[in-house]
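Asks: The structure that follows is given in the form of C-alpha cells.
The values are calculated or read from the model by the stated rules, or taken from the named source; none is laboratory data. The structure presented is a predicted model; accordingly, all values stated were derived computationally and were not measured. Glycine gets a Cβ as well: all are built from the backbone with ideal geometry, and neighbour counts include every protein chain shown.
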Amino acid sequence: MALMTGEQYIESIRRLNMQVYLFGKKIDSPVDDPILRPSLNSVRMTYDLAQLPEYQDLMTARSGLTGERVNRFTHIHQSTEDLVKKVKMQRLLGQQTAACFQRCVGMDAFNAVYSTTYETDGKYGTHYHENFKKFATYVQEHDLTVDGAMTDPKGDRSKAPHAQADPDLFLHVAERRPDGIVVRGAKAHQTGALNSHEIIVMPTISMGPEDKDYAVSFAVPADAEGIYMIIGRQSCDTRKLEGGELDVGNSEFGGVEALVIFDNVFVPNERIFLNGETEFAGMLVERFAGYHRQSYGGCKVGVGDVLIGAAAVAADYNGCAKASHIKDKLIEMTHLNETLYCCGIACSAEGHPTASGNYIIDLLLANVCKQNVTRFPYEIVRLAEDIAGGLMVTAPSEADFRDPRLGPVIDKYLRAVPGVRTEDRLRILRLIENLCLGTAAVGYRTESMHGAGSPQAQRIMIARQGNLEMKKALAKKLAHIQA
Ligand code: SF4
Ligand code: FE
C-alpha cells in the first residue's frame, strides 16, 4: 500500500496506543478530542490531496528507494526540481488548511538524516545509512507520518549538554545494551507528535567529545513504551469546546505542539542513526534546520495567502475596498508574502546533491528565507488587523448572535454593506482573529519567529555562509588595492 487515503490515515492513528495528556487528564481517544481533532484534519489533507489527480505531480514522487510512487512528505529529494515542488506543495497545503499541517518535520528529518548517516558511515564504518534506508523504505511503503524531534528543553543555555545540573535536560543515552540503547529526556514544541506514527529524534546543537551520550539519533514508534506527550495550550483553544463553530474562526483545521517525554525508551540497534559520533551532531542540526527553514518559504506563504484574502473580503464587507490606502495595504501584504515565496523557491533552485546523492537546499538562501519569515508575517498580521478593524476583537459571541432576543439586535447594528450577511462579516473577522491571535497564530506568528530556529540561529548561519572574504576581495580589486 504505497498511498493511504485520509480515512485510512485517521484509522491508523486511532489504532496507536499513545499516551497523551491535556488539561491534567489522559486523553483516551486523541483522534476524537474536539481540541485536538482539527490538527489531525490538517495532516489528513496531506493524504487527501495526494489522492487527487490534479495534485499528483506536487503531492507524490517516484521513490529513489522503492521505485514506487510515494507521498512527497516521505520522499528523499532527487533533484532541485523535487526541492522546488516541496515548497509548492507546502504553499498549497497552507492555502487549504490555513494551519500547520505538521508532516514536514518528518520529511525534513528524513533528508537530513539520509545524508548525514552516509557521511558518518564514511568516517566510522558504522551502518547508520543502511539502518535509515530500511526505516525510510518502511515509512514509504506504509505512507506513514513521521515527527522530526530536534528541540531539547536545554536548561541553562550557557552550559553544554553534559554540564547541565539535570542530565535529562538534553535527551541522552541512559543505558547501552547488546541489542540497543535506552534513552531518556524530552523534546519540546513537538509539532504533530500525536498525529504521527513514528518519531525521528535528532540532537539539537553541535556537540563536543564530552557530549557523547547526547549525540544520538534514532526512530521509534510514537506509542513506544515510555513515551508520553503533554499537549501545549493555544490561545482560544477552549472555544472548540463551546459547541458552536463561528467563534473558532477555522473550525476544521489547526496545528498542535507537545512536550514529548522519553522515559527510558528502548531503541533497537537497527533503528539507530547516530550514537556517540559527536562531530556529526552539528551537521545533522544544520541540515535539518536548513530544510525546515526552506519549508517556511512554502507553508507560511500559503497561510499568508488566506490571510490576505480574508483581509480583502473584510474590506469588501466594510465597503472600503476601493479606498486607495486599503488597496495599498493589500499590495504590501502581497509583496511581503511573495518575497517569502521567492526565498523558498530560490534556496530550492540553488540546491545541490550531497555525498549521499540526495539534494539539499542552498543553506545561505534558506537561512535568509527563514530570517525574513521571522519578520514579514508580523507585518502582514499588522496590516490585516488594520484592514479588519476593531470589531475583530470586540464582536459578541456566537451564543449571543444565536440568542433569539440579542441576535436580531447584533444583526441590525453590525451590518455593514447591504447584501452582506452580518454572520458572514463575523465569520471572516473570526478567521482573521484565528490567524492573528487565536489557535492558528501559534503556527503563523510565533512559530514564524521561533520555529525552525529563532532569528539569531539564522544570523549565525548567515554570518558563516555569507562569504565576506570573497566580497572584500571584490571591493579591493575594483579599488585597485593590493593584497
Ligand atoms: Fe510544515 Fe510549516 Fe508546520 Fe513546519 S510549520 S510542520 S513547515 S506546516
Ligand atoms: Fe514548524
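Asks: Identify all residues within the stretch 224-262 that are at positive phi and surrounded by fewer than 24 Cβ atoms within 10 Å (Cβ to Cβ); write none if there are none.
Replies: Result: G226, C236, G243.
Yes/no matrix, rows are residues, columns are (1) in the same structural domain as G122 (by TED's automatic domain parsing); (2) under 16 Å from the mean Cα position of the chain (by Cα):
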| site | (1), (2) |
| --- | --- |
| G226 | yes, no |
| G232 | yes, yes |
| C236 | yes, no |
| L241 | yes, no |
| F253 | yes, yes |
| C299 | no, yes |
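Asks: Here is a further query. Testing Y118 on (1) assigned to a helix (DSSP H, G or I); (2) of a type outside the set (A, V, I, L, M); (3) buried (at least 24 other Cβ atoms within 10 Å of the Cβ), one condition comes back false. Which one is that?
Replies: (3)
Residues are listed down the side, and each one gets a yes or a no for (1) without any contact (Cβ under 8 Å) to a residue 40 or more places away in the chain; (2) within 16 Å of ligand 1 (Cβ to nearest atom):
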position: K85; (1), (2): yes, yes
position: D108; (1), (2): no, yes
position: T116; (1), (2): no, no
position: E119; (1), (2): no, no
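Asks: Looking only at the stretch 426-463, how many residues end up being modelled with pLDDT of 95 or more and more than 14 Å from the chain's Cα centre (by Cα)?
Replies: 21
Asks: Among what's in the stretch 389-423 and is in a helix (DSSP H, G or I) and of a type in the set (V, I, T), pick the residue that is farthest from A311 (Cα to Cα).
Replies: For the stretch 389-423, the residue satisfying everything is V409.
Asks: Hey, another quick one. Name every residue in the stretch 183-197 that is surrounded by fewer than 20 Cβ atoms within 10 Å (Cβ to Cβ) and more than 16 Å from T151 (Cβ to Cβ), in order of residue number.
Replies: R184
Asks: When the residues of the stretch 198-223 are narrowed to those that are assigned to a loop (DSSP other than H, G, I, E, B) and more than 20 Å from the chain's Cα centre (by Cα), which ends up surrounded by the most Cβ atoms within 10 Å (Cβ to Cβ)? Spell out how you get there, then give the answer.
Replies: At the first step, the residues of the stretch 198-223 found to be assigned to a loop (DSSP other than H, G, I, E, B) are 202-208, 215, 222-223.
Among the residues that remain, those that are also more than 20 Å from the chain's Cα centre (by Cα) are: 206-208, 215, 223.
Details: S206: 17, M207: 25, G208: 15, A215: 27, D223: 18.
Within the stretch 198-223, the match that is surrounded by the most Cβ atoms within 10 Å (Cβ to Cβ) is A215.
Asks: Which residue out of Q90, Q102 is within 14 Å of ligand 1 (Cβ to nearest atom), under 18 Å from N195 (Cβ atoms), assigned to a helix (DSSP H, G or I) and modelled with pLDDT of 95 or more?
Replies: Q90
Asks: Are any of the residues in the stretch 233-255 at pLDDT 95 or above, within 20 Å of K154 (Cβ to Cβ), in contact with a Leu (Cβ under 9 Å, 6 or more places away or on another chain) and within 16 Å of ligand 1 (Cβ to nearest atom)?
Replies: no
Asks: Something else: Would you please name the residue that is nearest to F73 (Cα to Cα), looking only at residues in the stretch 122-180 that are assigned to a loop (DSSP other than H, G, I, E, B) and hydroxyl-bearing (S, T, Y)?
Replies: Only one residue fits best here, namely T145.
Asks: Evaluate the stretch 9-20: report whether one residue or more is in a loop (DSSP other than H, G, I, E, B) and among the aliphatic types (A, V, I, L, M). First the steps, then the outcome.
Replies: Residues of the stretch 9-20 that are in a loop (DSSP other than H, G, I, E, B), as a first pass: 15-19.
Still in the list and also among the aliphatic types (A, V, I, L, M): 16, 18.
The answer is yes, given that some residue of the stretch 9-20 is in a loop (DSSP other than H, G, I, E, B) and among the aliphatic types (A, V, I, L, M).
Every residue, every condition in (1) surrounded by fewer than 19 Cβ atoms within 10 Å (Cβ to Cβ); (2) in the same structural domain as D143 (by TED's automatic domain parsing); (3) within 15 Å of ligand 2 (Cβ to nearest atom); (4) aliphatic (A, V, I, L, M), yes or no:
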{"residue": "S29", "(1), (2), (3), (4)": "yes, yes, no, no"}
{"residue": "I35", "(1), (2), (3), (4)": "no, yes, no, yes"}
{"residue": "L52", "(1), (2), (3), (4)": "yes, yes, no, yes"}
{"residue": "G94", "(1), (2), (3), (4)": "no, yes, yes, no"}
